[in-house]
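Written below as structure tokens is the structure these notes are about.
The values are calculated or read from the model by the stated rules, or taken from the named source; none is laboratory data. Fair warning: this is a prediction, and the values are worked out from it, not measured in the lab. Glycine also receives a Cβ, built like all others from the backbone with ideal geometry; neighbour counts cover every protein chain displayed.
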């Protein structure tokens, strides 16, 4: 007897913008897929979509809400919430070669974890295993006074669990992100280089004051979101 195959994915952690994500290809090996959603003052919608082969188009697939006490009827309709703060679990019905989640957001944030198993066993907890505990999302911006002189992303200690940084779209030169030795100068370049409008992925961190920014053009800079 072979061991069951299990896969999990942390999809969104306190996501506060509209997003679409295609799940890991490993989920095509699963007999059951469970989607767990936690909302925090969230207003928006979610479509659970799938397709049977690569040439097909994504379309809404049937699911059952597992945590619902009343009679459970399969549905393919769009899920919607209004200023909601709760946790929901949805069992995807049938086999799908590819799965994707299409989320639109107008307020609040949403956290999502997905888990699947080849032997069709359900899961007692998903988000606690594959998600990341956060309490909120904050935003900010940074303009560097003098090109070639790196400055901290924030002025003082700012604890954070993750940060995402974007070079301001209106910049006319590139920026460099990194530690205290970050340098945008071509001959001595150090750090991550971002051209106007480019952004980093979510980066784990402890304190935003440890992150430095250098710019090619004085007074230009970055914007950022961070999770607390």
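Numbers below:
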{"item": "Selected residue (only one of 76, 61 is surrounded by 14 or more Cβ atoms within 10 Å (Cβ to Cβ), touching a strand residue (DSSP E or B) at 6+ places or on another chain (Cβ under 9 Å) and farther than 17 Å from residue 111 by Cβ)", "result": "61"}
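A quick yes/no check of all residues on (1) modelled with pLDDT under 95; (2) buried (at least 20 other Cβ atoms within 10 Å of the Cβ); (3) under 25 Å from residue 15 (Cα atoms):
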residue: 144; (1), (2), (3): no, yes, no
residue: 188; (1), (2), (3): yes, no, no
residue: 194; (1), (2), (3): yes, yes, yes
residue: 197; (1), (2), (3): yes, no, yes
residue: 206; (1), (2), (3): yes, no, yes
residue: 218; (1), (2), (3): no, no, no
